[in-house]
Amino acid sequence: MIMGDTYVAVHALIKKNGKILIMKRADDDDFQPGIWDLPGGAVEFGETAETALQRELLEEARIHVDDMNVVFVYTNNSQLPNRQTFQIVYSCKLSDDSTVNLNYEHSEYRWISYAD
């Protein structure tokens, strides 16, 4: 018996010059305001995980990535009742011609080292 919803999300661990990209959710966002996270989002019905990740990166930051490889998959209980979340993290390389340009969902971004 299935009780509740299953939610699948994808995230990008984007590498550039030895650093990775993190983005801060806008303070007025309805989901996890002010939280720093890897870029990404929900997989929509009918999408592959890779297509969803490319779409989310374009929507959130106007960037393209190459060399997408799954590096980590995990599940957790969502903050919402009756929802289980599956997260897929991809290691990616920023395309040479891409520059981060945030949309309204995020207020800041940083390139950080693994030590940070």
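The values are calculated or read from the model by the stated rules, or taken from the named source; none is laboratory data. Everything numeric here is computed off the predicted structure, so don't read it as measured data. Reconstructed Cβ throughout: ideal geometry from the backbone, glycine too, with neighbour counts over all protein chains shown. Each accessible area value is taken on the protein alone, full model and side chains, heavy atoms only, with ligands, DNA and RNA left out. Shrake-Rupley method; radii C 1.70, N 1.55, O 1.52, S 1.80 Å.
A few comments on the model shown:
- Only aspartates and glutamates eight or more places from Lys16 in sequence, or on another chain, were considered; those with a Cα closer than 19 Å are Asp37, Glu56, Glu60, Asp66, Asp67, Asp96, Asp97, Glu108, Asp116.
- When every Cα-Cα distance of the chain is counted in 5 angstrom steps from zero, the calculated P(r) takes the values 2, 11, 20, 24, 21, 13, 5, 2, 1, 0 percent.
- Length gained when the stretch Tyr104-His64 is fully extended (0.36 nm per residue, less Cα-Cα span): 12.6 nm
- Nearest-ten-degree value, helix 49-61 long axis tilted from longest Cα axis of the chain: 60
- Radius 12 Å from Cβ of Ala12, net charge of other residues (Lys, Arg +1; Asp, Glu -1): -2
- The residues of the chain expose on average 63 square angstrom of accessible surface per residue, using a 1.4 Å probe on protein heavy atoms.
- Neighbour cut-off at most 11 other Cβ (10 Å), DSSP loop, chymotrypsin sites (Phe, Trp or Tyr not before Pro), segment 25-116: Phe31, Phe45, Tyr104, Tyr114
- Dimensions of segment 17-70 along the principal axes, based on C-alpha atoms and rounded to the nearest Å, stand at 34, 30, 19, largest first.
- Expressed as a whole percent, the accessible surface of the chain that belongs to carbon and sulfur atoms is 50, based on a 1.4 Å probe.
- Total formal charge among the other residues, if their Cβ is under 11 angstrom from that of Lys24, Lys/Arg +1 and Asp/Glu -1: -3
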